[in-house]
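So the structure is just underneath, and the comments pick up after that.
The values are calculated or read from the model by the stated rules, or taken from the named source; none is laboratory data. None of the values given here were measured: they were computed from a predicted structure. Cβ: placed from backbone, ideal geometry, glycine included. Neighbour counts: every protein chain shown. Please note that ligands, DNA and RNA were not included when accessible areas were found on the heavy atoms of the full protein model with its side chains. Shrake-Rupley method; radii C 1.70, N 1.55, O 1.52, S 1.80 Å.
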Amino acid sequence: MTATPPAVATEPRLRLRDGAAVYTAVDSHTEGMPTRVVTDGVGVLPGATMNERRLHVIEHLDGLRQLLMNEPRGHAAMSGAILQPPTRGDCDWGVVYIEVSGCLPMCGHGTIGVATVLVETGLVEVVEPVTTIRLDTPAGLVVARVAVSDGHADSVTLENVPSFVVRLDDVVEVPGLGRVPYSLAFGGNFYAMVALDDVDLPFDRDRQDDILAAGLAIMDAINTTAPPHHPTIDGVDHCHHVEFIAPGSDAVLSRHAMAIHPGWFDRSPCGTGTSARMAELWARGELALDTDFVNESFIGSRFVGRLVAETEIGGVPAVVPTITGRAWVTGSGTYVLDPTDPFPTGFAF
């Protein structure tokens, strides 16, 4: 006689202890890089602007960031975004970006993930062939234009915040490396751009530990001797990214390894890093407006960027970049912090 298997519950019910915290999220990846889009459980963060909300998370809710990004719920290269009502009337949603390294003013791959999730979950009115979503970010207004077919997001083109160069062809003394040439630009975060040849390292994932160690040393040297400061955004005053440029890169196709504090690589081509790279190439006179620029990540995925306008920010010449890339929903989940959990902020390993 054949036993009948028990019915499988399609919607398991969690039995939660009193005092448990519960968060819901939709997970995605953008050209290889994860974005956990937190849709419920956080509530409305205090702050009259999205940057004030970011600073509130940094000062008062960093444990929440760690809980959702660190192991065992996340991992050493986890990234995410907390959806919020916007603080400005011309936007559809607000976003606070979180990752293992902290709370970012802007995140390009994360925004592509957010826009994709908003379309795939119906949290915005979906229009074909293009759904336009205006996002209130800590760095300013970002417009996401989502290419849609059959109700699904196929790709996203971001119009990013103004990007600009801080230093061109500077040199920093780095313990163990000596004098390292670099340029520094802002594309939503600050990026030091360093040629791999200048630190005698190959564009080779077998040497990722050496590249990462060099990147962390360069970040530390810049932040110790000459930290950057954004002219209009409070609390954006450090460099936590080093974009190591591969040999043969130019203003048509650039390949890079993006080392990030406190010790990981971006899997995606990095949207804000692509914006900073284009601002650097524009400042050199190598990249004109309305010209495609392809930026390739350490795993071979690509974004296509364009500079669409010249502007200024805080009196500094700047450009307005667009970034086109793709994201895919990978799952959805309910994340719980049980009051007896011995790791309420997770852990880094």
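Name the one entry in Val329, Val294 that is touching a helix residue (DSSP H, G or I) at 6+ places or on another chain (Cβ under 7 Å), in a strand (DSSP E or B), open to solvent by 20 Å² or more (accessible area, probe 1.4 Å) and touching a residue at least 12 places away in the same chain (Cβ under 8 Å).
Val329
Which one is most open to solvent (accessible area, probe 1.4 Å), of the residues in the range 20-61 that are assigned to a helix (DSSP H, G or I) and free of Cβ contacts under 8 Å to residues at least 40 places away in the same chain?
By that ranking, first place goes to Glu59.
Give the residue, chosen from Val329, Val294, Val316, that is more than 15 Å from the chain's Cα centre (by Cα), among the β-branched types (Val, Ile, Thr) and under 18 Å from Pro162 (Cβ atoms).
Within the list Val329, Val294, Val316, the selection yields Val316.
Just the residues that are open to solvent by 10 Å² or more (accessible area, probe 1.4 Å) and closer than 15 Å to Arg302 by Cα, please, taken from the range 250-264.
Passing the criteria: Asp250, Ala251, Val252, Leu253, Arg255.
Report the residue count in the range 298-314 for those that are open to solvent by less than 70 Å² (accessible area, probe 1.4 Å) and either assigned by the TED database to the domain that holds Cys107 or closer than 26 Å to Leu141 by Cβ (or both).
9
Under 19 Å from Val166 (Cβ atoms) and at pLDDT 95 or above: does that describe Glu280?
Criteria met by Glu280.
Within the range 219-228, can you find the residues that are surrounded by 16 or more Cβ atoms within 10 Å (Cβ to Cβ) and without any contact (Cβ under 8 Å) to a residue 24 or more places away in the chain?
Hit for the range 219-228 is Asn223, nothing else.
What number of residues within the range 121-138 are surrounded by fewer than 19 Cβ atoms within 10 Å (Cβ to Cβ) and either charged (D, E, K, R) or closer than 21 Å to Asn51 by Cα (or both)?
Residues in the range 121-138 being surrounded by fewer than 19 Cβ atoms within 10 Å (Cβ to Cβ) and either charged (D, E, K, R) or closer than 21 Å to Asn51 by Cα (or both): 3 in total.
Each row is one residue, and each column tells you yes or no for (1) in the same structural domain as Glu280 (by the TED database); (2) at pLDDT 95 or above; (3) out of contact with any strand residue (DSSP E or B) (no Cβ under 7 Å at 6 or more places or on another chain); (4) basic (Lys, Arg).
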position	(1), (2), (3), (4)
Leu135	no, yes, no, no
Ala139	no, yes, yes, no
Asp200	yes, yes, yes, no
Asp206	yes, yes, yes, no
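Can you list the strands (runs of 3 or more DSSP E) lying wholly within the range 130-228 that have 1 or more residues being farther than 23 Å from Val319 by Cβ and not aliphatic (A, V, I, L, M)?
Qualifying strands (runs of 3 or more DSSP E): 130-137, 140-149, 152-159, 164-174, 178-186.
Return the only residue of Pro317, Pro339, Pro321, Pro269 being surrounded by 14 or more Cβ atoms within 10 Å (Cβ to Cβ) and assigned to a loop (DSSP other than H, G, I, E, B).
Unique residue meeting the criteria: Pro269.
Has the range 308-325 got any residue that is closer than 26 Å to Leu118 by Cβ, free of Cβ contacts under 8 Å to residues at least 60 places away in the same chain and in contact with a Lys or Arg (Cβ under 9 Å, 6 or more places away or on another chain)?
For the range 308-325, residues closer than 26 Å to Leu118 by Cβ, free of Cβ contacts under 8 Å to residues at least 60 places away in the same chain and in contact with a Lys or Arg (Cβ under 9 Å, 6 or more places away or on another chain): absent.
Limited to the range 79-104, what total is found for residues that are open to solvent by 10 Å² or more (accessible area, probe 1.4 Å) and within 10 Å of the chain's Cα centre (by Cα)?
Matching residues across the range 79-104 total 2.
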